[in-house]
Amino acid sequence: MCDYIPLSVPNLKGNELSYVTNAVEEEWVSTGGKYIDIFEKNISNYLNVESAVACQSGTAALHLSLIQCRVGFEDEVIVPTLTFIAAVNPVKYCGAYPIFMDCDDSLTLDAIKLKEFCEEQCSFINGILINKKSSRKIKAIIVVHVFGNLANMEKIMDIAKRYNLKVVEDATEALGSYFKDGLYKDKFAGTIGDFGAYSFNGNKIITTGGGGLIIAKEIDDLNKIKYLSKQAKDDEIYYLHGEIGFNYRMTNLQAALGVAQLEKLEDFIQIKNDNYGLYKELLNEVEGVRLLDFNENIRSNCWFYSLILEEVNIDRNQIIKKLSQNKIQTRPIWGLIHQQNPYVEAQTYKIEKASYYYDKVINIPCSSNLKKNNIIKVVETIKNILLKQER
């Protein structure tokens with residue numbers, strides 16, 4: 001019997017097979033069918049928003065959101081460097097340029113440095129924020145809620161309002177996270193900015209295999225996004241198209257899976273919170289490491305657990321290798337995007353903490369079907385690796 005412990009895998013123990021089988025039996029397997037409508041309606045109800053548009057991926061959701069932000073050729077968008085590259089690539093799809101911002105200790109975009117950048121490195125002329133260095137217009141901010149933590153949306157939205165910037169929330173890792181107090185009390189990740197993008201990739205807290213979702217503050221924006229996601233089709237019989245559109249619609253098979261997964265979302269979040277608490281308790285006994293905290297003012301979905309290597313005498317990559325040898329899958333945090341080949345010439349602003357956390361973070365197993373004995377094995381293995389290194 002295999003005792004391999006994967007990093008993050010789907011939990012498919014609900015009505016997934018029943019709903020997908022029904023979709024197949026009814027022969028609605030592509031971008032039409034009842035499950036797409038049901039999924040959009042159910043997730044809108046969950047998020048307490050008017051409507052939503054299901055699409056092909058989280059990347060597609062971000063791309064369509066930026067288009068509707070009127071981000072175009074030679075514009076600029078402020079983005080985090082500590083994120084998955086899919087959060088940034090859609091900026092280039094639009095012909096625009098990213099400006100890379102540092103993270104704070106929650107791993108999310110640093111709102112203080114964002115404010116400093118807008119005040120010190122830009123001019124605000126006739127309602128438009130102009131980058132002094134490039135003379136380009138800055139149109140939007142992409143805020144990524146990393147690993148289920150929520151960024152400081154009160155400060156970020158205040159800055160965006162002051163400088164007439166659109167805010168796209170990348171909530172691909174934070175479905176179900178919400179604020180417990182403050183100005184945005186009870187507001188879910190993705191429902192505060194102008195647009196919210198979600199992902200249902202196989203490793204997310206709920207999955208449709210692939211797939212994404214978009215919500216918007218203005219229903220007209222969302223209607224336009226839906227239109228663009230369906231190839232901008234004006235007449236479905238005579239195939240008349242009013243604009244350049246995209247093949248970005250979710251399939252009915254994916255949506256059937258999503259409907260079943262959404263039924264279990266709160267159960268998954270409870271399991272992930274409980275497992276996070278157990279990890280934290282056990283890791284408190286291990287010197288030199290700690291588990292990254294989730295912000296106190298939020299109910300986090302606890303999607304990923306980040307082990308911080310604060311004072312250890314072993315390289316991060318060596319720990320990952322040794323854990324793999326013990327059949328435990330872990331991973332480092334993403335390579336910083338401003339250091340990736342496509343972006344090495346891009347503008348950055350005071351990247352400091354992101355570099356620190358890049359060297360210090362290991363993501364440890366966090367699936368919602370993780371068992372107590374799995375967690376104990378992970379922690380004991382980490383402890384043994386560190387103890388052997390000290391000898």
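Things to note:
- Bridge type composition, the chain - antiparallel percent by DSSP, nearest 5: 60
- Cross-link partners of Lys132 among lysines (Cα-Cα below 25 Å; sequence separation of 8 or more within a chain): Lys92, Lys113, Lys115, Lys155, Lys161, Lys166, Lys350, Lys353
- Value of relative contact order over the chain, rounded to a whole percent, pairs C-alpha under 8 Å and six or more apart: 23
- Extension gain from Val24 to Gln318, taking 0.36 nm per residue of separation minus the Cα-Cα distance: 101.2 nm
- Average Cα contact separation per residue, the range 7-97, under 8 Å, 6 or more apart, as relative contact order %: 21
- With the charge dipole of the range 16-263 set up from +1 on Lys and Arg Cβ and -1 on Asp and Glu Cβ about the Cα centre, the Cα lying farthest toward the positive end among the listed residues Ser30, Val20, Leu240 is that of Leu240.
- Debye log10 I(q)/I(0) at q = 0.15, 0.16 Å⁻¹ for the range 266-374, Cα point scatterers: -0.76, -0.85
- Mean Cα-pair separation over length for the range 93-133, i.e. relative contact order, pairs under 8 Å, 6 or more apart, %: 21
- Alpha-carbon centroids, the range 286-362 and the range 91-149: separation in whole Å: 22
- Note on the chain: semi-axes of the ellipsoid equivalent to its C-alpha gyration tensor, largest first and rounded to whole Å, are 34, 29, 17.
- The stretch between Asn203 and Asn223, if pulled fully straight at 0.36 nm per residue, gains 4.3 nm over its current Cα-Cα span.
- Ordering 167-174, 365-372 by mean Cβ neighbour count within 10 Å, with the highest value first, yields 167-174, 365-372.
- Dipole in debye (nearest 20) - the range 265-390, about Cα centre, beta carbon charges: Lys, Arg +1; Asp, Glu -1: 440
- Anchor Lys204: aspartates and glutamates whose Cα lies under 19 Å away (excluding residues fewer than 8 positions away in-chain): Glu16, Glu40, Glu169, Asp170, Glu173, Glu263, Glu266, Asp267, Asp274
Every read-out reported here was derived from the displayed coordinates using simple, explicitly stated rules and does not represent laboratory data. None of these values were measured; they are calculated from a predicted model. Here Cβ is always computed from backbone atoms with ideal geometry, including for glycine, and neighbour counts include all displayed protein chains.
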